[in-house]
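As structure tokens, the structure follows; a few thoughts come after it.
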Amino acid sequence: AELHNITSTDDAWRADRLENALDAFFAREDFRDYYKLAGWDAYLAFRPFRNTELRFDWRSDHYQSLDQTVFYGRFGGNKVLPPNPPVAEGEMHSLAIAAQDEQVHTREIKTTNIFGDSVSIEQLAGRSDLAQVELGHMPGSEFGFNRYLLDMRMFRPILHGLNIDTRLRFEATTGDMIEQKMEFLGGPGSLPAFYRK
């Protein structure tokens, strides 16, 4: 079980925390939108194998918009940061059912650099899959939607120090989807050709 009162985002899959922090510091770009999330959830997880999990998660949360408190980049000039958009506020109860299987391991390769020195290189190899259904048509909820998510990642080493990493993410929704739960592409982590969202 978990009790929380936090600043949250649904953009973590597009730009992880370190990547977004570096973009904010050096390029004065913020690719995440934030909101206040207060409530609790309780889950039951079954792990038949070390890296395989089936999870049933009941969520009871209150969503609230957050005012933007930082408007300008602080490094290399005063570039205006994008606004933190308002979210659909209210109470949401949902049941999330997820199945995850991860078969990723780190390979250590010993090789020599251009000066002939011995170096070790770590490479990820394998795959990670996630399938999730979130049922939001629950009693006491101010929102009504269902969300279906599939996320598959593959890490394939090609040469020493060179990987081809691929990711397929699919989402479908039914009902009245709220803004903060919608999927967006854009930014450095998902589709760089789309500037932001």
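Which of rounded, prolate, oblate describes the chain, given a ≥ b ≥ c as roots of the alpha-carbon gyration tensor eigenvalues and a/c under 1.5 marking rounded, otherwise prolate only if a/b is larger than b/c? Don't skip to the answer; put the middle values down first.
Details: a/c = 2.34, a/b = 1.28, b/c = 1.82.
It comes out oblate by the Cα gyration axes.
Here the label points at PHE184 and ARG156, each 7 Å from Cα along the C-beta direction, are separated by 3.2 nm in the simple model.
The aspartates and glutamates whose alpha-carbon is closer than 13 Å to the alpha-carbon of LYS36, local same-chain residues fewer than 8 away aside, are ASP10, ASP61, ASP67, GLU89, GLU91.
If r is the Cβ-Cβ distance from LEU66 to ALA172 and R0 is 25 Å, what FRET efficiency results, to the nearest 0.05?
Numbers: r = 28 Å, r/R0 = 1.12.
It comes out at approximately 0.35.
Summary of packing: across the peptides 114-125, 32-43, the per-residue average of other C-beta atoms within 10 Å ranks them, highest first, as 32-43, 114-125. The distance from the alpha carbon centre of segment 125-148 to that of segment 86-107 is 7 Å, rounded to a whole number.
Once fully extended, how much extra length lies between ALA27 and ALA125, figured as 0.36 nm per residue of separation less the alpha-carbon to alpha-carbon distance? Separation in residues times 0.36 nm, less the Cα-Cα distance, equals 32.2 nm.
Summary value for the chain: 17 percent relative contact order, contacts being C-alpha pairs under 8 angstrom separated by 6+ residues.
Label point of THR111 set 7 angstrom out along Cα-Cβ; within segment 157-174, amide nitrogens under 19 Å from it belong to 157-166. Site pair GLU102 and ALA45 shows an inter-label distance of 0.9 nm when each label is modelled 7 Å from Cα along Cα→Cβ. Is segment 8-57 rounded, prolate or oblate when judged by the Cα gyration tensor, a ≥ b ≥ c being the square roots of its eigenvalues, rounded requiring a/c under 1.5 and prolate requiring a/b larger than b/c? Since a/c reaches 1.5 but b/c is at least a/b, the shape of segment 8-57 is classed as oblate.
Show that you can apply the helix-only estimate: for the chain, add -39,500 (n - 2.57) for every DSSP H stretch of four or more residues, divide by all residues, and state [θ] at 222 nm to the nearest 500.
Numbers: 1 runs with 6 residues, N = 197.
Counting only the DSSP helices, I get -500 deg cm²/dmol.
Values in this text are rule-based calculations from the coordinates and carry no lab data. Values in this document were obtained by computation on a predicted structure and should not be read as measured data. Don't worry about glycine lacking a Cβ; one is built from the backbone with ideal geometry, like all the others, and counts go over all protein chains shown.
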